[in-house]
Amino acid sequence: MKEMNGNIDEVTLIDNWQQVNTQMKQACDHADRQADNVMLLAVSKTKPADMIATLAKQGQRDFGENYLQEAIEKITELKAQPVGKSIVWHYIGSIQRNKTRDIAEHFDWVQTVERDIIAKRLNDQRPADLPPLNVLIQLNIDNEDSKSGCLPAQLPELITAIKGYERLQLRGLMIIPAKANTNAFARTKQLFEEVKADCPELDSWDTLSMGMSGDMAEAIENGTTMVRVGTAIFGQRA
Ligand SMILES: *Cc1c(COP(=O)(O)O)cnc(C)c1O
């Protein structure tokens with residue numbers, strides 16, 4: 001057993017990942033949902049590239065990162081290895097306006113788009129030799145002043161803007177709900193379905209990203225299609 005830079009060892013890491021997969025399956029069974037309708041995004045922020053490589057070898061395909069500089073270093077390192085070539089990278093951190101080029105050049109998905117100005121920059125800066133960048137709109141479902149995300153009232157306008165951007169593919173919604181709120185998942189699911197019904201031309205609208213280590217099962221119960229799990233797989237972050 002090899003310790004990875006003070007992090008959990010490889011055996012524990014693989015065991016955690018398998019347990020999360022099992023818990024997801026159980027939650028799907030319980031909710032009468034097909035297990036393959038819910039995707040696992042492994043949130044690897046602050047964790048080293050060798051832990052990501054270990055899980056990629058087990059078959060984990062999607063990884064999420066929050067800190068751009070750290071992410072680009074790991075992406076570059078892993079792209080140079082055979083195991084890293086199949087990884088799908090999701091940016092899930094907050095987006096500063098002057099960092100959009102780095103995001104557009106290195107990631108496959110961005111889950112935290114909340115304003116048109118950011119969407120437009122990502123569209124303009126997506127390299128021509130890459131497929132369109134997959135985009136989720138981060139929704140401030142609880143209307144909290146302190147929270148990032150697009151307010152529900154502004155959602156139609158933002159969807160209309162992003163629909164016009166050829167280098168972006170709008171896939172759905174992402175939320176980080178307030179702790180106090182108990183039905184944020186259900187309300188977001190409803191909004192997600194409303195958009196789908198109202199915009200039949202949005203044929204790529206298929207992803208609802210909600211649920212983390214602590215509330216994965218509840219999110220699955222409420223119709224999530226992607227859970228973002230960090231701690232339960234990789235252990236505590238420093
Ligand atoms: C860190 C993070 C996660 C993972 O959180 P855990 O509680 O460690 O599972 C999920 N989503 C976002 C946006 C994050 O920043």
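Summary of values
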item: Candidates A232, A178 - the one that is among the small types (G, A, S), modelled with pLDDT under 95 and within 16 Å of the ligand (Cβ to nearest atom); result: A178
item: Subset tally (residues that are open to solvent by 40 Å² or more (accessible area, probe 1.4 Å) and either within 16 Å of the ligand (Cβ to nearest atom) or farther than 25 Å from R61 by Cα (or both)) for the stretch 192-214; result: 10
item: Candidates R33, R61, filtered to the one that is among the charged types (D, E, K, R), out of contact with any strand residue (DSSP E or B) (no Cβ under 6 Å at 6 or more places or on another chain) and open to solvent by 10 Å² or more (accessible area, probe 1.4 Å); result: R33
item: Exclusive hit being acidic (D, E), more than 20 Å from the chain's Cα centre (by Cα), more than 21 Å from L136 (Cβ to Cβ) and crowded, with 16+ Cβ neighbours inside 10 Å, set E10, E77; result: E10
item: Of all residues making up the stretch 64-73, the number that are open to solvent by 10 Å² or more (accessible area, probe 1.4 Å), in contact with a Gly (Cβ under 9 Å, 6 or more places away or on another chain) and in a helix (DSSP H, G or I); result: 1
item: Restricting the stretch 85-105 to residues that are hydroxyl-bearing (S, T, Y) and within 16 Å of the ligand (Cβ to nearest atom), the residue that is surrounded by the most Cβ atoms within 10 Å (Cβ to Cβ); result: Y91
item: P131 being of a type outside the set (A, V, I, L, M), assigned to a loop (DSSP other than H, G, I, E, B) and either open to solvent by 40 Å² or more (accessible area, probe 1.4 Å) or farther than 25 Å from E221 by Cβ (or both); result: yes
item: Residue, nearest to the ligand (Cβ to nearest atom), within the stretch 30-84, restricted to residues that are of a type in the set (V, I, T) and closer than 17 Å to M174 by Cβ; result: V43
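The values are calculated or read from the model by the stated rules, or taken from the named source; none is laboratory data. Keep in mind it's a predicted model, so treat the numbers as computed, not measured. Quick reminder, even Gly has a Cβ in these numbers, built from the backbone with ideal geometry, and neighbours come from all protein chains shown. Keep in mind that these areas ignore ligands, DNA and RNA; they rest on the heavy atoms of the full protein, side chains included. Shrake-Rupley method; radii C 1.70, N 1.55, O 1.52, S 1.80 Å.
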